[in-house]
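Here the structure comes first, spelled out in structure tokens, and everything after it is commentary.
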Amino acid sequence: SEGQPDFYVNSPENFQYELFTLGQQLRNTTKNVVILGLSDIDETKMNPCEWSELPNYWERSRVKLFNAKLKQWAESKGYDFVDLYQVTSSDPDFITNKLEDGLHPNDAGHELIANVVFEAIKDKYLK
């Protein structure tokens, strides 16, 4: 997109198009859909990404933007949405102790996410 640095891999417009395509596929597969939001990141390790061979940059503002787009899309389709960004960004321990590399959760991060997802779906889907 115009005005965006080359290191942004995806634009919000392209992301919305990809969600539309995913929605078409999901509609033909199942009516029970739970969409997981994005989790928080450690910008100090992601700007630039320390472990990528390509010049990748991740910023909280863009994670929040894409999470909002994902939430809006999920709700417009009537899908359940688990806002992992809200949970992980409000956990003071998440950035320092629950991320493997600044982006991906470690075992403790996966445990937190699993518990949050379980609580969100247990009454509706696990009867």
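The values are calculated or read from the model by the stated rules, or taken from the named source; none is laboratory data. If you're wondering where the values come from, they're calculated on a predicted model, not measured in any experiment. Quick reminder, even Gly has a Cβ in these numbers, built from the backbone with ideal geometry, and neighbours come from all protein chains shown. What goes into the accessible areas is simple: the full protein's heavy atoms, side chains included, and nothing from ligands, DNA or RNA. Shrake-Rupley method; radii C 1.70, N 1.55, O 1.52, S 1.80 Å.
Being within 15 Å of the chain's Cα centre (by Cα) and surrounded by fewer than 19 Cβ atoms within 10 Å (Cβ to Cβ) is the requirement here; does L26 meet it?
Against the criterion (within 15 Å of the chain's Cα centre (by Cα) and surrounded by fewer than 19 Cβ atoms within 10 Å (Cβ to Cβ)), L26 does not qualify.
Is there a residue being open to solvent by 70 Å² or more (accessible area, probe 1.4 Å), within 19 Å of S11 (Cα to Cα), not polar (S, T, N, Q) and not in a helix (DSSP H, G or I) anywhere in segment 70-79? Outline the logic, then answer.
First, the residues of segment 70-79 that are open to solvent by 70 Å² or more (accessible area, probe 1.4 Å): 71-72, 75-77.
Applying the additional criterion that residues be within 19 Å of S11 (Cα to Cα) yields 71-72.
Now drop any that are not not polar (S, T, N, Q), which leaves 71.
Adding the requirement that they be not in a helix (DSSP H, G or I) leaves none.
Checked segment 70-79: no residue is open to solvent by 70 Å² or more (accessible area, probe 1.4 Å), within 19 Å of S11 (Cα to Cα), not polar (S, T, N, Q) and not in a helix (DSSP H, G or I).
Of everything in segment 82-110 that's free of Cβ contacts under 8 Å to residues at least 60 places away in the same chain, closer than 30 Å to Q24 by Cα and more than 11 Å from the chain's Cα centre (by Cα), which residue is surrounded by the most Cβ atoms within 10 Å (Cβ to Cβ)?
Applying the filter and picking the extreme gives V87.
Among all residue pairs at least 6 apart or on different chains, which show Cβ distances below 9 Å where the first residue, located in segment 46-57, is at pLDDT below 70 and the second is open to solvent by 90 Å² or more (accessible area, probe 1.4 Å) and among the charged types (D, E, K, R)?
Note: pairs meeting the criteria are P55/D6.
Report yes if some residue within segment 46-60 is open to solvent by less than 90 Å² (accessible area, probe 1.4 Å), over 19 Å from G109 (Cβ atoms) and under 15 Å from the mean Cα position of the chain (by Cα); otherwise report no.
Scanning segment 46-60, I find at least one residue that is open to solvent by less than 90 Å² (accessible area, probe 1.4 Å), over 19 Å from G109 (Cβ atoms) and under 15 Å from the mean Cα position of the chain (by Cα), so the answer is yes.
(1) assigned to a loop (DSSP other than H, G, I, E, B); (2) touching a Leu at 6+ places or on another chain (Cβ under 8 Å); (3) not aromatic (F, W, Y): which one isn't true of P92, the others all being true?
In the conditions (1) assigned to a loop (DSSP other than H, G, I, E, B); (2) touching a Leu at 6+ places or on another chain (Cβ under 8 Å); (3) not aromatic (F, W, Y), P92 misses (2) alone.
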